[in-house]
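Trainee: Got a structure for you, written out below as structure tokens; questions coming shortly.
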Amino acid sequence: MSTGQTSAAVAGAPIRRQLDRDDLLMRAGIGLLILWLMVTLILPLWWLLSKSFQNQNGEFVGLANYVQYFSTPALFASVGNSLFVALLTTAIVLPLAFTYAFALQRSCMRWKGLFQALALIPILAPSLLPAISLIYLFGNQGFLKDWLFGASIYGPIGIVISQVFYCFPHALMILIAALSMADSRLYEAADALGASKTRIFFTVTLPGAKYGVISAGFVVFTLVITDFGIAKVIGGRFNVLATDIFKQVIGQQNFEMGAVVGFVLLIPAVAAFIADRILQRRQVALLSARAVPLVPRPAPRRDWGLFAFCAVVGGLIFGLLAMSAWASVITRWPYNLALTLNNYAFGEFDSNGWAAYWNSLKLAGWTALIGTVVIFLGAYLLEKTRAFAFGRTLAQFMAMLPMAVPGLVLGLAYIFFFNAKGNPFGFIYATMAILVVNSITHFYTVSHLTATTALKQLDAEFEAVSASLKVSLFRTMARVTVPVCLPAVLDISIYLFVNAMTTVSAVIFLYSTDTKLASVSIINMDESGFTAAAAAMAITIVATSAGVKVLHLLLTRRLDRSTQAWRRR
């Protein structure tokens, strides 16, 4: 061997050792991620499934519980009710959200920023807020009760209207993204061929956004069929699957039948998720390298028509929020309309008082802090590891699964798993820790996809150069990857914070006397007849979420100037 070859071998040895060490660390990290998801997701769901095949003594009874469920008309009717409400809400939300998104992306109407901000308000509120507002508007003593022509707001009407308010922004965000990309050459060709505006819409616009429409439909369907808060507050005697689980577990202490209902609820959610994933794989790129981005041109009649539509929809959204805000400062509806802040003295209406709100802040803060670290690090391991294909595939599958699991089902599964005898993790049961773990797991998938999307934009050469310079992979991550991906990291943190602050279904089974949350307190105060206090707590959550969102925007803008200067010429 020549002297040059010997020197090259000696120089390459440290690099190989560095690569071997990084590879082992990455494999170990993926193993820990799999273990985390196994303990926080897979094993609890397995415990839930096994519980549905047992009796109260823990003995295996096969399908007896399922036979009892499907042979009980009062219980089985909830399946039809849930599907009816979910399908009707989806049918209403999709055209509303599509038209609204079309106005924001494909028109030259004024005040787009204001209308977009109005439409996204429901994301900052617990799902119970629109139900409370509708009670004040159309309830037995509602301000507009005569407008329903004798119909009752307590039941499917109230559930559907509330769900439309709650689900609208979720569908809107997907459709805004779907309509943000278009090739103007297609529209120019259609105009040259003399196609009418209607025909262009159905042959060019709608097909180009069809996957976004389908995805939005599945999201709305899943949100409605798995939501608990709205049906609990305004559902009346109209039973759905989510409220059936609550009644079986909390009302009757029938955990086995609750497990059966939970598994039944899991089926449509998983089916919608699988169908959505299959359709997304068939999606193709809408813009080629030669595409000319579509720039909307002024059209006064169209723009003013869409402006009027957005004004009505945005006004209704703001009206429901304003109704709850007003109700929260009314002395006693409808007898004494004097303004007061007494409804914010939560200690007079709930035993936990303001402690429930501070518990929610703690939950949201810890979920955002721990969840952001766990999820971003997990996505980094899956994206940057080149070997260990089996482990990466398994972890990726497990990371996508939480999106298909309703929060109510996950919470019930946690009861069975973490409360089981001999479980070494049982010490976190009935503590703030189990609420944090549950929230991170429940909202894992969307955050994981956000992190993965950001990481895919980085060239793999960063890691290769780091290895050649004998710099560890994790140091590269801290010095290069995290600063570049900082906007996505902040988006993940605010997403986790707001959802942990507003969630109901994911935590309704898991809180204790010391860890009662603001969203749970809303349900309890409403059940006790303190609807004004419940509205006050809901408004407090909205104000907190909005304040944190504003801080997030200001922080993002400031950090953008210091860490994202490379994006600007």
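The values are calculated or read from the model by the stated rules, or taken from the named source; none is laboratory data. Given the structure is predicted, the values throughout are model-derived calculations rather than measurements. Cβ placement follows ideal geometry from the backbone for every residue including glycine, while neighbour counts extend to all protein chains displayed.
Trainee: Does any residue in segment 107-119 that is assigned to a loop (DSSP other than H, G, I, E, B) come within less than 9 Å, Cβ to Cβ, of a residue that is aromatic (Phe, Trp, Tyr) and loosely packed, with under 13 Cβ neighbours inside 10 Å six or more places away or on a different chain, and which pairs are these?
Mentor: Hits for this filter: zero, empty list.
Trainee: Here is a further query. So, of the residues in segment 393-422 that are out of contact with any Leu (no Cβ under 7 Å at 6 or more places or on another chain) and of a type in the set (Phe, Trp, Tyr), which turns out to be surrounded by the fewest Cβ atoms within 10 Å (Cβ to Cβ)?
Mentor: Looking at residues that are out of contact with any Leu (no Cβ under 7 Å at 6 or more places or on another chain) and of a type in the set (Phe, Trp, Tyr), I get Phe397.
Trainee: On the given criteria, is Val437 at pLDDT below 80 and crowded, with 16+ Cβ neighbours inside 10 Å?
Mentor: So Val437 does not fit the description; no.
Trainee: For segment 348-355, does any single residue satisfy the condition of being within 30 Å of the chain's Cα centre (by Cα) and assigned to a helix (DSSP H, G or I)?
Mentor: yes
Trainee: Being touching a Ser or Thr at 6+ places or on another chain (Cβ under 6 Å) and crowded, with 18+ Cβ neighbours inside 10 Å is the requirement here; does Thr89 meet it?
Mentor: Values: touching a Ser or Thr at 6+ places or on another chain (Cβ under 6 Å): no; crowded, with 18+ Cβ neighbours inside 10 Å: yes.
The answer is no for Thr89.
Trainee: Just to verify a result, which residue in segment 400-438, among those that are of a type in the set (Gly, Ala, Ser), part of a helix (DSSP H, G or I) and within 22 Å of Phe263 (Cβ to Cβ), is farthest from the chain's Cα centre (by Cα)?
Mentor: Ala413
Trainee: Residue under question is Phe376, and the condition is that it be within 30 Å of the chain's Cα centre (by Cα) and either in the same structural domain as Ala177 (by TED's automatic domain parsing) or of a type in the set (Ser, Thr, Tyr) (or both); does it hold?
Mentor: No: the conditions fail for Phe376.
Trainee: Please work out if Trp354 is farther than 15 Å from Met537 by Cβ, surrounded by 14 or more Cβ atoms within 10 Å (Cβ to Cβ) and not β-branched (Val, Ile, Thr). Reasoning before the result, please.
Mentor: Values: farther than 15 Å from Met537 by Cβ: no; surrounded by 14 or more Cβ atoms within 10 Å (Cβ to Cβ): yes; not β-branched (Val, Ile, Thr): yes.
The answer is no for Trp354.
Trainee: Of all residues in segment 203-241 being of a type in the set (Phe, Trp, Tyr) and not in a loop (DSSP other than H, G, I, E, B), which is surrounded by the most Cβ atoms within 10 Å (Cβ to Cβ)?
Mentor: Only one residue tops the list, namely Phe221.
Trainee: Here's another thing I want to ask about it. Given the conditions (1) touching a Phe, Trp or Tyr at 6+ places or on another chain (Cβ under 8 Å); (2) surrounded by 17 or more Cβ atoms within 10 Å (Cβ to Cβ), which single one is not true for Tyr344?
Mentor: Looking at each condition in turn, Tyr344 falls short on (1).
Trainee: When the residues of segment 242-268 are filtered to those that are over 19 Å from Phe417 (Cβ atoms) and of a type in the set (Gly, Ala, Ser), which remaining residue is surrounded by the most Cβ atoms within 10 Å (Cβ to Cβ)?
Mentor: The qualifying residue surrounded by the most Cβ atoms within 10 Å (Cβ to Cβ) is Ala242.
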